[in-house]
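J.: Provided herewith is a single structure, encoded as structure tokens, for subsequent inquiry.
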Amino acid sequence: MNSSVKTRILQPLRIGKHIARHPIIQGAMAVRVSGAKLAGAVANAGGVGVIASLGLGLDSPYFDKRKKRSFFTANRLALIDELAKARSISPDGVIGVNILVATKDYSVLAQTAAAQGADIIITGAGLPLALPEYTAAYPDVALVPSVANLEAAQLICETWQSRYHRLPDALIVENCQQVGGHFTQCEQVNIPGFSLELVIRQLRDYCQNHLGARIPLIVSGGISDRTDIDRMIAIGADGVQIGTRFVTTVECDADQRYKDYHLQAQPEDIVTVPSPVGKPSRALHNLFTEQVMSNSSNLEKRCIANCLETCLCRDHGKTYCLLQALAQAARGDVENGLIFSGANAGYTQDIISVPELMTELTQAHTIEVSSSDKY
């Protein structure tokens, strides 16, 4: 069998008018797990740093807990602060904001992010059919929806083309079998021949042959190391989104106890729990997830901020308050909060800096390629 040595060098990632040195987007993790410190550090290291907008105002000086209406004002003001902090850390890096379509202040946060200098707006938890309307005054802001399948991408692209005469600047493709936090249920997984590679190929064919455009595709879910990145590039992705690995960095905005809990986690600690947004979510096992899965009477079901458009907790007294659960964990109460995690838990045993992690993920990779290798 003939073989040769090949050096793989990652290429820059262009999203709209913005170019990151490395094809790595840091995943958005709420509440205040990926804030200005983490996003700024990732952007400074050549990736795309992302601020998670959900609940930014909750622990800010802007939020008066006696007046729930002020929560949305607090979110907006806190987002302005976080963007300014991230930009002070990385004046020339690519900085994005992740906004959940399912939140009541989605449109306001999108307008705020665009006005305050975000390079990219990434959306999740819903189809952002009106997003270009909210950012129309800021055409340089790249718009990147998250999708799980071809059908979602088609609806977004065709709606945007018809209404706004534009297309997404990139698409984040959710690997529903691996991604942390909320995920779209994988009804297609049991269909013979289904694979992430098939979804990438379908999206690429649709963009090129139907839309006549080359839209960058970024895979999200379970990506741990350079081998995973190379594998995603090989099946047709232009880049990757990595969340869980950035939790165990010095610059991650969460409490040290939150980081330590991830360090101790193993793949068998991953559980799937229901969420008040109506989607399943992937998280680390703890007392809180046990109570959720058993529908324990000890589980608090009090809405603290009325943040979601549709909420099983607020509207039907089911599940739990998502905002409270995520915030509790990020503050360091790791038994009584919700700790989102991708399926790659347990990959690392040390806290390292963002520059160290980015170097590990991006340095030139030399591999031995046999003549029978597919890629």
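Rule-based calculations on the coordinates, nothing more; no lab input. Since we're looking at a predicted model, the values are computed, not measured. Glycine gets a Cβ as well: all are built from the backbone with ideal geometry, and neighbour counts include every protein chain shown.
J.: Would you mind checking segment 317-337 for residues with the amide N under 15 Å from a putative spin-label position 7 Å along Cα→C-beta of residue 294?
T.: 336
J.: Would you mind computing, in nm to one decimal, how far apart the modelled labels at residue 206 and residue 225 are, each placed 7 Å from Cα along Cα→Cβ?
T.: Roughly 3.3 nm, to one decimal.
J.: With n ≥ 4 as the cut-off for DSSP H runs, can you work out [θ] at 222 nm for the chain, using -39500 (n - 2.57) per run divided by the number of residues, rounded to the nearest 500?
T.: Here the helix-only value at 222 nm equals -9000 deg cm²/dmol.
J.: Now, a different point. By the scheme Lys and Arg +1, Asp and Glu -1, what is the net charge of all other residues having a beta-carbon under 12 Å from that of residue 326?
T.: Net of charged neighbours comes to 0.
J.: Considering every pair of different Cα atoms, what Kirkwood radius, in Å, is found for the chain?
T.: 20.9
J.: Let me ask something additional. When a/c reaches 1.5 or more, the comparison of a/b and b/c decides; with that in mind, is segment 135-176 rounded, prolate or oblate per its Cα gyration tensor?
T.: Oblate, since a/c reaches 1.5 and b/c is not below a/b.
J.: Please give the FRET efficiency for residue 351 paired with residue 268, using the beta carbon to beta carbon distance and R0 = 25 Å, rounded to the nearest 0.05.
T.: Once the sixth-power term is evaluated, E becomes 0.70.
J.: If eta is 0.890 mPa s and T is 25 °C, what Stokes-Einstein diffusion coefficient results for segment 97-140, Kirkwood Rh from Cα pairs, in µm²/s?
T.: Stokes-Einstein gives a translational diffusion coefficient of 240 µm²/s.
J.: Evaluated at 4 °C with a viscosity of 1.567 mPa s, what Stokes-Einstein diffusion coefficient in µm²/s does segment 1-142 have when Rh comes from the Kirkwood expression over alpha-carbon pairs?
T.: 83
J.: While we're on this one: For the chain, modelled as a Gaussian network with Cα springs under 10 Å, which listed residue fluctuates most, 90, 34, 220?
T.: For the chain, modelled as a Gaussian network with Cα springs under 10 Å, the answer is 90.
J.: Still on this model: List residues of segment 16-35, by number, whose backbone nitrogen lies under 11 Å from a label position 7 Å along Cα→C-beta of residue 166.
T.: 16-17
J.: Would you kindly give the portion of the calculated P(r) for segment 239-375 that falls above 27 Å, as a percent of all Cα pairs?
T.: Cα-Cα pairs in segment 239-375 separated by more than 27 Å: 32 percent.
J.: Going out from 0 in 5 Å bins, what whole percent of all Cα-Cα distances in segment 80-232 drops into each bin?
T.: For segment 80-232, the binned pair fractions read 1, 9, 18, 20, 20, 16, 11, 4, 1, 0 percent.
J.: May I ask what percent, to the nearest 5, of DSSP beta bridges between residues of the chain are antiparallel?
T.: If I count the DSSP bridges inside the chain, around 40 percent turn out antiparallel.
J.: Restricting things to alpha carbons, tell me how big segment 260-340 is in terms of Rg and Dmax, in Å.
T.: 12.1, 36
J.: Relative contact order for segment 260-340 using alpha-carbon pairs under 8 Å, separation at least 6, rounded to a whole percent?
T.: Once divided by the residue count of segment 260-340, the mean separation gives 28 percent.
J.: Please tell me the relative contact order of the chain in percent, rounded to the nearest whole number, where contacts are Cα pairs under 8 Å and at least six residues apart.
T.: Normalised by residue count, the contact order of the chain is 20 percent.
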